[in-house]
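Just below is one structure, and these are the notes that go with it.
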Amino acid sequence: MKLENNAKIKEIFSSIQGEGPYIGCKQIFIRFCACNLNCFYCDTDFYPSNINDKNTFFEFTPIKLLKYLENNFDLESTHSISLTGGEPLIWADFLKEFMPMFNQKYDIKFYLETNGTISDNAKIILPFTDILASDIKLPSCSGVNNSFELHEMFYNSVSQSVNKSYNNFSYLNNNSFAKVVFDSNITSDEIDKTVELAMKYHFEIILQPRMIDDKLSVGTEFMMKIFETFVKKYKYTRLIPQVHKFINVE
């Protein structure tokens, strides 16, 4: 008998989406452990200090996760399932079993929140993904110095998958967008590279000012200056802070 893949999950909870074009939608958040990056501004304890200590995470098979969601959440009122982290694409083998299993029973969208750097694993779960919420990691804010090279490979992989008719990801229907966390260190070169990627691969840009706890790291005048710079180059751009932090919800 084939053994099912297991996944280490930090937490599962129901709340509203606080970022991007789906702000206010009720989601179930599945926060996976582990990430391949270590961004300066990360505010999530995504990787328990002792990954072998089972008191710091939950371990699921695909079937157990399905049952857990059924027994603990109101699926009928849920807009979508947010696969977040950490980095959910690390658990692509688990997700390729869980997502179609879930979809056989429930007509609920899957919302993939990814840092947009693991190109090979993206291909595995794109056939089951309805909303692609990826990141553009600006080196000036994230500390990820080779981010644009990784994002180019990621979006090229997504584009090839879309061309195989998996999903019609496009800024035209809000199901493909990239969050761009920025602060006062953003550079003109980063702006140009972000716009080039968005134009080439057809996703919407969501500008997200870096937060320090529940406070914006930049002022209104600077935010609007950066927004105007982006939108003049690429009209499919929005400025949306992290709303859930303003209203103090998880």
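Taken together, the values in this text are just the output of simple stated rules run on the coordinates, not laboratory data. All values reported here derive from a predicted model rather than from experimental measurement. We place every Cβ from the backbone using ideal geometry, glycine too, and count neighbours over all the protein chains shown.
Miscellaneous remarks
- Label-point separation in nm, Ser77 to Lys26, each point 7 Å along Cα→Cβ: 0.4
- With 29 Å as the limit on Cα-Cα distance, the pairs of Lys10/Lys200; Lys67/Lys109; Lys179/Lys225 that go past it are Lys10/Lys200.
- With the simple model of a label 7 Å out from the Cα in the direction of the Cβ, Glu70 to Asn146 spans 4.4 nm.
- Taking other residues whose beta carbon is less than 12 angstrom from the beta carbon of Asn115, and scoring Lys, Arg as +1 and Asp, Glu as -1, yields -1.
- The magnitude of the dipole of the chain, with charges of +1 and -1 set on the Cβ of Lys/Arg and Asp/Glu and taken from the Cα centre, is near 400 debye.
- Scattering curve values for the stretch 7-246, log₁₀ I(q)/I(0), Debye with Cα scatterers, q = 0.08, 0.10 Å⁻¹: -0.29, -0.46
- Per-pair calculated FRET efficiency, R0 = 51 Å: Thr187 and Glu59 via Cβ, rounded to 0.05: 0.75
- Straight-line cross-link reach from Lys123 at under 16 Å between alpha-carbon atoms covers these aspartates and glutamates, not counting any fewer than eight positions away in the same chain: Glu87, Asp93, Glu97, Glu113, Glu152.
- Ordering Ile125, Leu95, Ile81 by the projection of their Cα atoms onto the charge dipole of the stretch 69-132, which places +1 on the Cβ of Lys and Arg and -1 on the Cβ of Asp and Glu, puts Ile125 at the extreme positive end.
- MRE, 222 nm, helices only [DSSP H, n ≥ 4, -39500 (n - 2.57), over the chain, to nearest 500]: -10000 deg cm²/dmol
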